[in-house]
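Inspection log for the structure reproduced underneath, given as structure tokens.
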Amino acid sequence: MFLLVFWAWVIGEDGFARAQLSEWLLYGTGAVVYSVIPVLIIFHAVRDWPGAGGRTQFRLDRFARANGMTYRPVRHNARPGLPGMIFDAAWQPGDVDVLTRYDATGLIVGNARFTTGTGKGRTVHKWGYASVQLGTRLPHIVLDARGNNSLAGHTNLPRDLDPRQRLRLEGDFDRYFTLYCPRDYERDALYLFTPDIMARFVDHAAEFDVEIVDDRLFLYAKRPLATLDPETWEWLRATLAVLTEKVEQWRRWRDDRLGTTRVDRRGRMPIVTRPPKGVAAPGRRLTDRTSWWGVLAIVLATAVLWAIGTDVFGLFG
């Protein structure tokens, strides 16, 4: 539009004189519009492209080195290799920033982008996550934080868990979290989540969704956690320190389904034989809610195919 107005001014009354006086301005403006502006657009696009902000990646790498961690940017089609639900195989992975500490805690902090669906149904999901090792495998437990759910109360988690796995706990815990554990593992969940541990989660992790799977604990947030903001790191450090202070109690847990606990007396000292560490198959993964619409669609499709096969092709007797 600017060029059109400028050209009209140039070719108007006394246009040739103006053109002689303003020829350098005309060509200069054209050069700016057709050269500089596209360059600026490309620069901003590249700068804002996830994972392409080289300056941020450089500073994250320097921050990681200064704090005894390792930084790596993971690009498209690469998976972090973690068991958490946001890394489910059904999701198409995107760019990830990961900071790792290779010590007993096994601390991993990252930002992840995942896409689900295709075409118009394609949705981009952004997560920040932090994870530590627990030292033993535990039943699959999810704490769905109520504070970050939708106004209608729908979970923001990527999986819709079977409500029959929900365990209601005492006190105010249910006001902050919805706890899911495998069926028949309710007693084990009560052993792990004693009142003092529940209080720690309410006081320090109410903004996170929490998942315990295999031998790791995950905290999920809908904002970046691998960041250069020192306050975020201090908050995350304090939260993990409080939550894992009682982890030794969890390490004493055993799954009775893997064996029996008995006491053998040999001489004067009793010898306690306990089940090995680990989780029986039913407790390793939670199950999703059954989609009755999907079941209905399968039934209807089967009925239609049966009718076609019977009436048209004379099949099925």
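Apart from one condition, D174 fits all of (1) touching a residue at least 12 places away in the same chain (Cβ under 8 Å); (2) in a helix (DSSP H, G or I); the exception is (1). For the range 136-149, the candidate set comprises residues that are among the charged types (D, E, K, R) and in contact with a Phe, Trp or Tyr (Cβ under 8 Å, 6 or more places away or on another chain); within that set, the residue that is least open to solvent (accessible area, probe 1.4 Å) is D144. Annotation: T260 fulfils all but one of (1) under 30 Å from R65 (Cβ atoms); (2) open to solvent by 80 Å² or more (accessible area, probe 1.4 Å); (3) of a type in the set (S, T, Y); the unmet one is (1).
A quick yes/no check of all residues on (1) within 22 Å of the chain's Cα centre (by Cα); (2) open to solvent by less than 10 Å² (accessible area, probe 1.4 Å):
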site	(1), (2)
L134	yes, yes
L151	yes, no
L157	yes, no
R168	no, no
L179	yes, yes
A199	no, no
D214	yes, no
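When R159 is tested against (1) part of a loop (DSSP other than H, G, I, E, B); (2) out of contact with any helix residue (DSSP H, G or I) (no Cβ under 6 Å at 6 or more places or on another chain); (3) in contact (Cβ under 8 Å) with a residue 40 or more places away in the chain, exactly one condition is not met: (2). Here L190 meets the list (1) farther than 23 Å from R257 by Cα; (2) in a helix (DSSP H, G or I); (3) among the hydrophobic types (A, V, I, L, M, F, W, C) almost entirely, failing just condition (1).
For every residue, the table says whether it meets (1) of a type in the set (S, T, Y); (2) surrounded by fewer than 13 Cβ atoms within 10 Å (Cβ to Cβ); (3) at pLDDT 95 or above.
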| site | (1), (2), (3) |
| --- | --- |
| Y220 | yes, no, yes |
| T244 | yes, no, no |
| R252 | no, yes, no |
| R289 | no, yes, no |
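Matching residues to (1) β-branched (V, I, T); (2) over 15 Å from K222 (Cα atoms):
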| position | (1), (2) |
| --- | --- |
| V96 | yes, no |
| T100 | yes, yes |
| A104 | no, yes |
| G110 | no, no |
| S150 | no, no |
| L190 | no, yes |
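Note on the range 118-156: residues that are at pLDDT below 90, outside any strand (DSSP E or B) and among the basic types (K, R) amount to 2. Screening L286, L228, L236, L240 for residues that are under 24 Å from D61 (Cα atoms) and in a loop (DSSP other than H, G, I, E, B) leaves exactly one candidate, L228.
Looking across the range 119-156, the residues that are out of contact with any Ser or Thr (no Cβ under 9 Å at 6 or more places or on another chain) and either without any contact (Cβ under 8 Å) to a residue 12 or more places away in the chain or charged (D, E, K, R) (or both) come down to G119, K120, G121, K126, R137, S150, L151, A152, G153, H154.
The values are calculated or read from the model by the stated rules, or taken from the named source; none is laboratory data. Keep in mind that this is a model prediction, so the values were computed, not measured. FYI the Cβ positions are ideal-geometry reconstructions off the backbone, even for glycines, and counts take in every protein chain you see. Quick note on the areas: whole protein, heavy atoms, side chains included, nothing else; ligands and nucleic acids left out. Shrake-Rupley method; radii C 1.70, N 1.55, O 1.52, S 1.80 Å.
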